[in-house]
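The values are calculated or read from the model by the stated rules, or taken from the named source; none is laboratory data. Source: prediction; values computed, not measured. Here the Cβ positions follow ideal geometry from the backbone for every residue, glycine too, while neighbour counts run over all protein chains shown.
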Amino acid sequence: MTQRVSIVGIGSTRFGPQPGKGIVQLAVEAAEAAIRESGIERERIGALYFGNFISGPLTGQEVLAGIVADHLGLANIPCTKVEGACASGGIAFRHAKLAVESRQCDAALVVGAEKMTQASTEMITAALNCAMDNLSDGVSGLTFPGLFGMAWRLYEQRYGLTRAQVSAVVRKNKANGLLNPLAQMGRYLTDDEIEQSPFICDPMRLFDCCPTSDGAAALVLAADELIETGGAVPVRVLASAQTRGAARIAGHSDLCSFDATVAAAHLAFKEAGIDRSDIDVVELHDCFSIAEILDSEDLGFMPRGHGAHWAKEGRTAVGGDLPINPSGGLLAKGHPVGATGVGQIYETVLQLRGDHQNLVKDAAFGLTHNLGGTGVACTVNILGRYDA
Amino acid sequence: MPKREIEDCQINVLHCENCGTLDPGPRSLCPKCHSAELAEIAVPGAGTLLSWTTIRRPPTAFREEGPYHIAVVDLDAKLRVTARLTAPSPGIAPGARVLCVGTRNDVPVFQEIDA
Ligand SMILES: [Zn+2]
């Protein structure tokens, strides 16, 4: 018999440049907040899963899981760092959920962290390209923005995408970021400002890309019997699915879709036993503006080719029929790679508690989507209000 | 481009000696039947452009080359490759016919075939 799992404590640093704070300090800050909020005694925490992509090359520090557990004064529990590029945080969450669900422990800690802004652009670009299959795509000179630039061009031809539709995604997420105290770059942008920013990978421009960030987020997961009355409002973990997609661009059946997202969404909805129409709020992997359109279609929220209209028509705004990235998403909240998947869950927990600064009213079910590499790793998680 | 020249342009790929699968490689096992009997063969370098972009902020290793163009091409030989694209015309769009005109670091370089 498996245990039901809930998120009983959350913590997060602000996302964005944090000079003077190292990756361990950021991780400890988020984790300590999550543990305190949960009210769970540290000796009850039986496992730590740490999502991080690239701390070795960028900070010279590895074995982060054990080091952070040491700082937190946790017992000599299994401490595991997991890496799946931009999906590292989501994968860490899934493993912690499995540990509690399968009764390996009654409570587990998930931490995601990345420290990037101290490094030179060259170092960061080189580090990010570690997430590409460097036997094939890497040697061509392709970059991650490049992959999405190609997807954009194909989508444009196939569905008649306009610059204004994509800009609507950028404007929405950047404006959402203004209401999120943790966000790196909330801002009101005009179409002109977006369209006049420099090309990065045509047709993609600077404001279509998420910024480099520092940050950490943490969650305490627990079995029902550990939930304290009077503690933080728990949120149920209804599903956590992880899948693999093609490691190489040439292996993708379509540039406008990621097989790993389609498969993970299918598995997650099956596990949760709810429908797409039940989802009230979504935090998805908008590493680039066009990605939000592709992801929302891959998740099955609208037919192919329709994702582009939704932002322009306000349907994905807070108050629309499917609010997407009320946190500001990666575009505005920032993308400290290993922290992102955990941060998405942090934001969704606040929504389901009714306690978010950019609140989707009466949200009962939320979905998070975290995609890594060129679509090689994906997690989709579904959370539910405790009483829903 | 003269017909003769088009026939001369070839691209090296992996051919599974067991099941006949073609793959751009490099890899050591056939992605379909997992056989290790992979031989390099040349296939015609003509194909159709799936999409392309211009890399304006190259990774460190390619800094001196930027900006350059990257493409995904569907070869007539029925396999898809990530490649370079050279001198695209302003109006080039997915579906354009392209031809391999050489390699760079073993990566094929394609050029638009004049309509
Ligand atoms: Zn074979």
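Whether any residue in segment A:340-356 is among the charged types (D, E, K, R) and surrounded by fewer than 24 Cβ atoms within 10 Å (Cβ to Cβ) is what I want to check.
Yes - at least one qualifying residue is present in segment A:340-356.
Just give me the residues in segment A:26-37 being closer than 21 Å to A:ILE67 by Cβ and either within 21 Å of the chain's Cα centre (by Cα) or in contact (Cβ under 8 Å) with a residue 60 or more places away in the chain (or both), in sequence order.
Residues satisfying the conditions are A:LEU26, A:ALA27, A:VAL28, A:GLU29, A:ALA30, A:ALA31, A:GLU32, A:ALA33, A:ALA34, A:ILE35.
Taking A:SER88 as the residue in question, decide whether it is in contact (Cβ under 8 Å) with a residue 24 or more places away in the chain, in contact with a Gly (Cβ under 6 Å, 6 or more places away or on another chain) and within 25 Å of A:GLN118 (Cα to Cα).
Yes, satisfied.
For segment A:40-82, what are the residues that are of a type in the set (Val, Ile, Thr) and assigned to a loop (DSSP other than H, G, I, E, B)?
Correct list: A:ILE40, A:ILE54, A:VAL63, A:ILE77.
When you look at B:SER35, is it modelled with pLDDT of 95 or more and outside any strand (DSSP E or B), yes or no?
For B:SER35, the condition - modelled with pLDDT of 95 or more and outside any strand (DSSP E or B) - is met.
What's the number of the only condition in (1) modelled with pLDDT under 95; (2) on the phi > 0 side of the Ramachandran plot that A:ALA308 fails to meet?
For A:ALA308, the exception is condition (2).
Being more than 14 Å from every other protein chain (Cβ to nearest Cβ) and modelled with pLDDT of 95 or more is the requirement here; does A:LEU161 meet it?
No: the conditions fail for A:LEU161.
Given (1) away from chain A (no Cβ under 13 Å); (2) within 21 Å of A:PRO145 (Cα to Cα), where does B:ARG97 come up short, assuming only one miss?
For B:ARG97, the failing item is (2).
For B:PHE110, all conditions in the list (1) away from chain A (no Cβ under 11 Å); (2) surrounded by fewer than 17 Cβ atoms within 10 Å (Cβ to Cβ); (3) within 13 Å of A:SER140 (Cα to Cα); (4) not polar (S, T, N, Q) hold save one; what is the number of the exception?
Against the list (1) away from chain A (no Cβ under 11 Å); (2) surrounded by fewer than 17 Cβ atoms within 10 Å (Cβ to Cβ); (3) within 13 Å of A:SER140 (Cα to Cα); (4) not polar (S, T, N, Q), B:PHE110 comes up short only on (2).
Could you check segment A:138-150 and list, in sequence order, the residues that are of a type in the set (A, V, I, L, M, F, W, C), assigned to a helix (DSSP H, G or I) and at the interface with chain B (Cβ under 7 Å from one of its Cβ atoms)?
Within segment A:138-150, A:VAL139, A:MET150 meet the criteria.
Which residues, counting only those in segment A:249-269, are surrounded by 24 or more Cβ atoms within 10 Å (Cβ to Cβ) and at pLDDT below 95?
The one that is surrounded by 24 or more Cβ atoms within 10 Å (Cβ to Cβ) and at pLDDT below 95: A:ILE249.
Could you check how many residues of segment A:91-137 are under 17 Å from A:ILE23 (Cα atoms), among the hydroxyl-bearing types (Ser, Thr, Tyr) and more than 14 Å from every other protein chain (Cβ to nearest Cβ)?
Qualifying residue count, segment A:91-137: 1.
If I ask for residues that are more than 8 Å from chain A (Cβ to nearest Cβ) and either touching a His at 6+ places or on another chain (Cβ under 9 Å) or within 16 Å of the ligand (Cβ to nearest atom) (or both), which ones from segment B:32-72 would you list?
Listed by number, the residues that qualify are B:LYS32, B:CYS33, B:HIS34, B:SER35, B:ALA36, B:GLU37, B:LEU38, B:ALA39, B:GLU40, B:ILE41, B:VAL43.
Every residue in segment A:246-275 that is more than 14 Å from chain B (Cβ to nearest Cβ) and in a loop (DSSP other than H, G, I, E, B), please.
A:PHE258, A:GLY273, A:ILE274, A:ASP275
Restricting to segment B:9-32, what's the tally of residues that are of a type in the set (Ser, Thr, Tyr) and either surrounded by 15 or more Cβ atoms within 10 Å (Cβ to Cβ) or part of a strand (DSSP E or B) (or both)?
Here the count works out to 1.
Contact list please: Cβ distance under 9 Å, first residue in segment A:323-351 and within 11 Å of A:VAL281 (Cα to Cα), second residue of a type in the set (Val, Ile, Thr) and in a helix (DSSP H, G or I), pairs at least six apart or on different chains.
Partner pairs satisfying both residue conditions: A:ILE324/A:VAL169; A:ASN325/A:VAL169; A:SER327/A:THR348.
Scan segment B:57-78 for residues that are over 17 Å from A:VAL139 (Cβ atoms) and under 14 Å from the mean Cα position of the chain (by Cα) and jot them down.
The answer is B:ASP74, B:LEU75, B:ASP76, B:ALA77, B:LYS78.
Select, from A:LEU178, A:LEU135, A:LEU182, the only residue that is aliphatic (A, V, I, L, M) and under 25 Å from B:THR48 (Cα atoms).
Among A:LEU178, A:LEU135, A:LEU182, only A:LEU135 is aliphatic (A, V, I, L, M) and under 25 Å from B:THR48 (Cα atoms).
Name, by its number, the condition in (1) free of Cβ contacts under 8 Å to residues at least 12 places away in the same chain; (2) within 16 Å of the ligand (Cβ to nearest atom) that does not hold for B:PRO90.
(2)
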